[in-house]
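The values are calculated or read from the model by the stated rules, or taken from the named source; none is laboratory data. Because the structure is a prediction, the values reported are computed rather than measured. A quick note on method: Cβ atoms are made from the backbone with ideal geometry, for glycine too, and the neighbour counts reach across all protein chains shown.
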Amino acid sequence: MRGLVHKYGGTSVATPEKIKNVAKRIIREKEKGLDMVVVVSAMGKTTDHLVELAGQISQHPDERELDLLLSTGEQVSIALLTMALQEEGYEAISLTGFQAGIKTVGPHTKNKIIDIDIDKVKDYLAEGKIVIVAGFQGMNELGEITTLGRGGSDTTAVALAAKLSFPCHIYTDVEGIYSVDPRLYKPAKKLEVISYEEMMEMASLGAGVMEPRSILIGQKYKVPIYVASSMNQEKGTYIKEYDGTMEEKVVTGLSVCDDILMVTISQIPDAAENMALIFDKLAARHVNVDMISQAASFEGLLSVSFTAKVEDRGAVQAVMDELDPQYHVCMESEISKLSVVGMGMRNQSGVSGRLFRILSDHKIPFRQVTTSEISISYAIDRLDKERAVAILSQELNL
Ligand code: ADP
Ligand code: ASP
Ligand code: MG
């Protein structure tokens, strides 16, 4: 079977005209003799509107009901796209996540795909049909409708491609993967190719163009991924295994994440068990703690700062409320995280020195720093974000 998975994001199917345009793009591939499976997101900002709607009914909507609500967005776009293909004289069928055999596990609104019963999709392909699958949704072991977390249609597409051994094309509102989000830094360069590893790091550090789990699945099952614009035929970016022939840049890209909560706890009596207790409590409430720094003990008292996602504010607050009232707690949310990513950092020293120098020469204060094998991240005040993105991008030639 020779085929291809296409995925179109919300902006690309925002209006009936855009849906008709997508249908034409799919037909072009079908005419080349390819079996086509197409994953679509909800139209435009539908998912945001559904979240808002739930918020008007309840401050803490039940997550099972939220999944039921959010999954409706994709059901609209798959049916409309299928109708558009049928109007053009092509045989097509739309499938919800459940109908496409997508099995998931985990808590509602954050499910993960564990397997796909792919036979039904294969049967429709064998009948010559174009198969249109709702992104971002599946079904758990109890037969409940689930969703995969925001941006999850990328994961649906790559998982289907893995199961079918097809390549996966992600069509979106930018022409590929850029060194920096082109909406934050206009002169950013489009990358011809990027390794799964670097894309994974960039995506998990804030480059919203791809959902990180989709890259993880792509890497595990060696799915060739191509990211390009849904509006034109410009050459996009290939995401693939690092193969030694790729140029190993020291710095490939810069990712920016705005939804950062920074918490500083001071007046903690200097004992390791006090620190352990705080982080145990955070873990028990599923708070994903990111950067941590501890100041040297002064007069028998410690202070520690950490960052988490703003969406975990409620859980963090609950933990802070349980701490010894003598601790002093400060929570700030006007914080951004800037992360510089590059495979070359693995075997080239001096990158952090260079970054510290750039920030200090331009008087950009930072609040926290963390590193991984191929990235360095700085938490900075939101007010300094635009200037810092422009300066780092220029200085690093991104
Ligand atoms: P879709 O609805 O198609 O899934 P998304 O909004 O999820 O689209 O992702 C596309 C957006 O990702 C772009 O509009 C762009 O602003 C943003 N983005 C962030 N980082 C990057 C990057 N490094 N390269 C390209 N786009 C990026
Ligand atoms: N519609 C969902 C969202 O807006 C899934 C996606 O677009 O990938 O997050
Ligand atoms: Mg997306």
* So which of A42, A79 ends up being closer than 12 Å to A134 by Cα and surrounded by fewer than 17 Cβ atoms within 10 Å (Cβ to Cβ)? -> A79
* Asked: Taking the condition assigned to a helix (DSSP H, G or I), within 14 Å of ligand 1 (Cβ to nearest atom), surrounded by 17 or more Cβ atoms within 10 Å (Cβ to Cβ) and small (G, A, S), does S12 pass?
  -> yes
* Within the range 112-120, identify whether any single residue is basic (K, R), away from ligand 1 (no atom under 16 Å from the Cβ) and free of Cβ contacts under 8 Å to residues at least 60 places away in the same chain, and answer yes or no. => yes
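Yes or no, residue by residue, for (1) near ligand 1 (Cβ under 8 Å from one of its atoms); (2) at pLDDT below 95; (3) not acidic (D, E):
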| residue | (1), (2), (3) |
| --- | --- |
| I177 | yes, no, yes |
| L184 | yes, no, yes |
| S214 | no, no, yes |
| S230 | yes, no, yes |
| T245 | no, yes, yes |
| G253 | yes, no, yes |
* Cross-chain or 6+ apart pairs with Cβ under 7 Å, the range 174-190 first and in contact (Cβ under 8 Å) with a residue 40 or more places away in the chain and more than 8 Å from T237 (Cβ to Cβ), then of a type in the set (F, W, Y) and not in a loop (DSSP other than H, G, I, E, B) -> A188/Y178; K189/Y178
* Asked: Does the range 173-186 contain any residue that is within 16 Å of ligand 2 (Cβ to nearest atom) and under 28 Å from S94 (Cβ atoms)?
  -> yes
* Could you tell me whether the range 92-115 includes any residue that is in a helix (DSSP H, G or I), over 22 Å from the mean Cα position of the chain (by Cα) and crowded, with 20+ Cβ neighbours inside 10 Å? => no
* Asked: Is it the case that some residue within the range 225-247 is among the polar types (S, T, N, Q), within 16 Å of ligand 3 (Cβ to nearest atom) and closer than 30 Å to D62 by Cβ?
  -> no
* Quick check: anything in the range 133-147 β-branched (V, I, T), in a helix (DSSP H, G or I) and out of contact with any Cys (no Cβ under 6 Å at 6 or more places or on another chain)? -> no
* Asked: Counting just the residues of the range 273-311 that are under 30 Å from P107 (Cα atoms) and of a type in the set (V, I, T), which one comes out farthest from the chain's Cα centre (by Cα)?
  -> I278
* Within the range 71-83, is there a residue that is more than 16 Å from ligand 2 (Cβ to nearest atom) and assigned to a loop (DSSP other than H, G, I, E, B)? -> no
* Structure fact -> Result of the Cβ filter at 7 Å on the range 1-30, keeping first residues that are within 21 Å of G128 (Cα to Cα) and partners that are among the polar types (S, T, N, Q) and part of a helix (DSSP H, G or I), at least 6 apart or interchain, is K7/S153; V22/S12
